[in-house]
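None of the figures in this text is laboratory data; all of them are computed from the coordinates on show. Predicted model, so just to flag it, every value in this text is computed and none were measured. Counting neighbours? That spans all protein chains shown, and the Cβs are built from the backbone with ideal geometry, glycine included.
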Amino acid sequence: MLAGFYIVALVQVAAGIVFSAWLSTFVPVGAGVISVFPVLVGIVVVGALKALRTGPGAPKGLSIGPDQAPELWRTVHELAHVADSRAPKEIRLVPQVKAAAFEEARLLGLVGGRRILYIGLPLLHAFTVDQLRAVLTHELAHYSRSSTPLAMIAYRGRRTTRGTIGRAWRYNVAGRVLKGYARLYLLVDNAASRRQELEADRAAVRAAGRAAAAIALGDLPVLDAAWGFYYKQYVEPGWKSGFAPDDIFGGFAELLAARKHELAGMRGQEPPGEGSPWDTHPPVAERIREIGAAAEVPRPPDGRQAGVLLPDLRGAGRAVQDRMLDVGERQVLPWEYFTAATATTTMQRDADEAFHAIGRATGANRLSLAVLLDIVEAKRLGAAAESLFPGAPRHEVPQRFTDTMAMLVALAAIRSNVAYWQLSWSGPARLLGRDGQPLPSAEIAARAVSPQTVGEARAWLAHLGIDPRGAAPVELRGRASVAGVIAGIANVKVDGVEHDLVVLDKGLVFISNPGKPGKGKARLRALVGSTSANEIAKQHRYLAYEEITSVAITKNVPLRADLTLHGGQKVAVREGWISELIAKNSRDVLTGALRQATA
């Protein structure tokens, strides 16, 4: 079937020749011109066949040489011998929860080339040596010389066609025919793929034993879920706030150690037991049964952490982080400081939003927790509390406002150096007071929201050494610091004056005196690519969505929108026929953002 790609290509060229000859009998004058047709078909077919070739591309990850990790390389060579496979020429560490062997393939996988073994750093932190042996042997066994005849060629062909099937459509009819054949090939190949997975599992048993092979197979989806949770809950919030931890992979190891019971519960779940003819892998339950039925090879177990195969696991993790993750201008901090900076920055942004809303509702300037307590004591808060939670049921507003007040008390405590954040790998970070106990911010807030008890709240703050003036807005222009560019329109009129418009996920940036109309798209793309969204917002007029009370869109194309701000000011945005979109969906993104902001 691999050879069939070339047969299909030759059939198309032959069909072009036959069609050209047939057509020339009706149009003899144009025979010379018509004879060019099969040549053109041939060129298109060759182009499509080139799309069905693949190589590993630029290798990713951190290359680890034999001199840097001799035990790892010795182990990999041993595992290649067990799998009856050629050892890789290169080992690279990557940040994903995976291991993979990749080989440059030519002639649709018929001829192999340089082989690279990729090892995910999270596996080195999570697996034992035996479990890692099982996973690596499984990957190397896909290129085994002793498995089903032609299995190695079939595996290379599978990798080639799967990796490139989406590119052939660009080559017109010939490319589409080849793509259709590739789909047929992959459908037939799925059954062979499932058999080869079971063969690779048996090789894993020979290298590490039944128990290690079964545990590693069952643990991979668990570790993948744990990595996703870790990144979303621990890394991403600080990353978006302009910080980066100094040791991402070391943090993952800490989380695995602290959440053993949760991970054990996930491991206890029944693996999927049903499959489909379209699946490339057998169901996990079937694979585990086959592993249990495989012949055990007596060998001493190795329950050491897989990271012992690297002399400097922590240093390797930091090197991968430096190479693979673009930190940019983010501040790199140790985990304790990273957690504190992230939590405090997030709290400050929430406080800024609360202060902005209260200031608009009360007309108060230079707000702080101290001023807010004065407003409560003077019974002037009134509808300001409701302005914080538009659309919320009225009976929920008091409790929500109390929660907001508790957040402001906690922020004031941090700014007064009375409280600090304690990193926890088993749960959220905790805010503790000087005595190491949780800060009573909720209790203080419950008294601070009522005119009758606000005096008690003041006394409690004073007793703890908390200065209420410490909780005050920082981002007076709104939340631009965490914004990202989501769209852009060049050459729009804002209140009748020519501007470029950059759409952020937190607001709009109006750039006056933009330049020549014909170069708007290139101008915007150059601007967005040259600096951060925060810098764009700082250098030009920035309007946060939270400042907009209503939007009236009178025409969609070209866009006619009237924005009404708090205080009654109007902003008219008019797209012209010479306007240029930085991306095709920029107009829809802008209108969607405006509608969502005022929903």
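Key figures for this structure:
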item: Distance (nanometres) between label positions extended 7 Å along Cα→Cβ at Val188 and Thr564; result: 6.8
item: Summed side-chain charge close to Gln437 - residues other than Gln437 whose Cβ falls under 13 Å, Lys, Arg +1, Asp, Glu -1; result: 0
item: Whole-number D in µm² s⁻¹ for segment 355-501, Kirkwood Cα-pair radius fed into Stokes-Einstein, 4 °C, 1.567 mPa s; result: 75
item: Selected from Ala445, Leu408, Asn365, residue furthest toward positive end of dipole (segment 334-470; charges at beta carbon); result: Asn365
item: Selection of chymotrypsin sites (Phe, Trp or Tyr not before Pro), segment 239-336, meeting DSSP coil and at most 13 other Cβ within 10 Å; result: Trp278
item: Gyration tensor verdict on segment 491-550 (Cα atoms; rounded if a/c is under 1.5, prolate if a/b is larger than b/c, oblate otherwise); result: oblate
item: Partners for Lys519 among aspartates and glutamates (Cα-Cα distance below 15 Å; same-chain residues under 8 apart left out); result: Glu498, Asp500, Glu580
item: Nitroxide proxy distance, nm - points 7 Å out along Cα→Cβ at Asp495 and Tyr231; result: 4.4
item: Candidate lysines for bridging to Lys179, where Cα separation is under 17 Å - those fewer than 8 sequence places away on the same chain excluded; result: Lys50
item: All lysines inside 25 Å of Lys506 as judged from Cα atoms, apart from same-chain residues fewer than 8 positions distant; result: Lys232, Lys240, Lys493, Lys521, Lys538, Lys555, Lys570, Lys584
item: Average projected area [Cα convex hull, segment 485-597], square nanometres; result: 6.3
item: Inter-label distance, nm, simple model (7 Å from Cα along the C-beta direction), Ala429/Ala459; result: 3.4
